[in-house]
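**Student:** What follows is a structure written as structure tokens; I'll ask about it next.
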């Protein structure tokens, strides 16, 4: 009886119960994701302040951002630089270490665990404070440099160095990407390597022709997620340098926070958030566009 | 000869591993010892070990601000984090069950929407969320953390649990249905026990992210009485004109300690969780 019904109908009665399980998400998505998403777009065209009703002012916020607000251009530059340093830095570091560890090493699990530790503290205030102390002018990093005969650096005082020192904090936390790469490397079939060595391929050739192509999907996934995160960076700059010196670490996330939550210019803040969103979209689209050329999928992954 | 060279390579490898390890762990180790050091010892010196091991900075630091001690800040943190984690795991596993085990009209579209929200930046929704929560009177409470968790607004975990559930044989459900189980009972009694590792991973990551998160606490919490650790630390950093760094480090170390302990007790779930979730995406 029951079996017959299955064959006739496309969906079983039971299947409609799915919506019951999806209900929390359907509500959450609509109220806490879609609605805020659309209303921040709307706010970006208004002069909305927390206490007053928003008035529609067209493109004024955007015009002000791009033509009058020099601070914004600076923040844009700082954020792009930050992304450009941290994302490739972190992923290359993770990849290099993962490839290095991908062999028969005794105690690999322990090593993997220990290397992961810095990644536990992404966005942690405590670790940001620690970084601040480590790199302070008379701090331990400069002391170490001096003992090996190198000059001290003004890590936080130098406008060129401050951003890079914050980037180092992010790159230091490469462990989680490394763990993903390691798992992906383990999944590359041994037969491929054997076949390659029979064909007389050299180590470097094997690396670029077999190893790398097989882990491109995971590199791609990491690239996208890390980029989205990097564009929104806030905590490290806010806690360590407060955007200074001379706004050289004043990332877009801080600009957004100050406009929206210190001065309560919600409309203007929304415009900033949409510029940020547009940037993220552009970069993601470019990555997706380019992915067909370099990301290799073994299956299409349907379900 | 052959064996000789191989052994040598081994030593070089371990040397490289050790150097990377020092680079990664030295800051944390230094932090621990700095909690016993005076400012003079911390600055301008490369000595790792302190002159004496004295818990004074922990005692001083723990006193906190005004009548708020770090005991209160810890209680606040756990009041914020623990329900958020539980709500996340419950709601996300229900939604994941809906996606993984049913064929329903519009499934492809809804799942694509879920995947798209993975890439939705928090920055772009935070302002309207703030005004929304403000109009509900939820600012300065933990509801801005609880409610998104109850409503499965963490697509990452839904996705992760869907992926995991896809690996469980569908015959389990079928035989449960034949035995007369409804869908809820099938989920709770048959699937949920098998999903323990994935649920545990999701819970751990949510704990970690909520515990470390500073931006949302900064925006939604505005009285010291409700401050979690992250805000309290920033307050300590800003409050004093001459920072006693040993004391600051002591409180920072206390703040990272729960994460470290959790990691060591449950490292399997962390590392496996990371390794498996990324793979299929």
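**Student:** Mind listing whichever residues of the range A:233-242 are within 9 Å of chain B (Cβ to nearest Cβ) and either buried (at least 23 other Cβ atoms within 10 Å of the Cβ) or in a helix (DSSP H, G or I) (or both)?
**Tutor:** A:235, A:238, A:239
**Student:** Given B:111, B:74, B:87, which one is under 19 Å from residue B:148 (Cβ atoms) and not in a loop (DSSP other than H, G, I, E, B)? Before you say what the answer is, go through the steps one by one.
**Tutor:** Numbers: B:111 fails: under 19 Å from residue B:148 (Cβ atoms); B:74 fails: under 19 Å from residue B:148 (Cβ atoms).
Matching residue, one of B:111, B:74, B:87: B:87.
**Student:** Restricting the search to the range A:254-298, which residues are under 15 Å from residue A:40 (Cβ atoms) and within 8 Å of chain B (Cβ to nearest Cβ)?
**Tutor:** The answer is A:256, A:257, A:260, A:261, A:266, A:269, A:270, A:273, A:274, A:276, A:277, A:280.
**Student:** Quick check on my filter: what residues within the range A:195-226 are away from chain B (no Cβ under 14 Å), closer than 20 Å to residue A:100 by Cβ, part of a helix (DSSP H, G or I) and without any contact (Cβ under 8 Å) to a residue 12 or more places away in the chain?
**Tutor:** Once the filter is applied, which keeps residues that are away from chain B (no Cβ under 14 Å), closer than 20 Å to residue A:100 by Cβ, part of a helix (DSSP H, G or I) and without any contact (Cβ under 8 Å) to a residue 12 or more places away in the chain, the range A:195-226 yields A:197, A:204, A:205, A:208, A:212.
**Student:** I would also like to ask the following. Somewhere in the range A:99-112, is a residue modelled with pLDDT of 90 or more and either surrounded by fewer than 18 Cβ atoms within 10 Å (Cβ to Cβ) or outside any helix (DSSP H, G or I) (or both)?
**Tutor:** There is no residue in the range A:99-112 that is modelled with pLDDT of 90 or more and either surrounded by fewer than 18 Cβ atoms within 10 Å (Cβ to Cβ) or outside any helix (DSSP H, G or I) (or both).
**Student:** Something else about it: Which of the following residues is at pLDDT below 95, part of a helix (DSSP H, G or I) and within 9 Å of chain B (Cβ to nearest Cβ): A:20, A:38, A:65, A:26?
**Tutor:** Result of the check over A:20, A:38, A:65, A:26: A:20.
**Student:** Is it fair to say residue A:52 is outside any helix (DSSP H, G or I) and either within 13 Å of chain B (Cβ to nearest Cβ) or touching a residue at least 12 places away in the same chain (Cβ under 8 Å) (or both)?
**Tutor:** It is true that residue A:52 is outside any helix (DSSP H, G or I) and either within 13 Å of chain B (Cβ to nearest Cβ) or touching a residue at least 12 places away in the same chain (Cβ under 8 Å) (or both).
**Student:** Let me ask something else about it. Inside the range A:106-124, can you point out the residues that are farther than 30 Å from residue A:234 by Cα and facing chain B (nearest Cβ under 7 Å)?
**Tutor:** Listed by number, the list holds a single entry, A:111.
**Student:** For the range A:251-285, give me the residue count where each residue is without any contact (Cβ under 8 Å) to a residue 60 or more places away in the chain, crowded, with 18+ Cβ neighbours inside 10 Å and either in contact with a strand residue (DSSP E or B) (Cβ under 7 Å, 6 or more places away or on another chain) or not in a helix (DSSP H, G or I) (or both).
**Tutor:** 1
The values are calculated or read from the model by the stated rules, or taken from the named source; none is laboratory data. Just so it is clear, the structure is predicted and the values come from calculations on it, not from any experiment. A quick note on method: Cβ atoms are made from the backbone with ideal geometry, for glycine too, and the neighbour counts reach across all protein chains shown.
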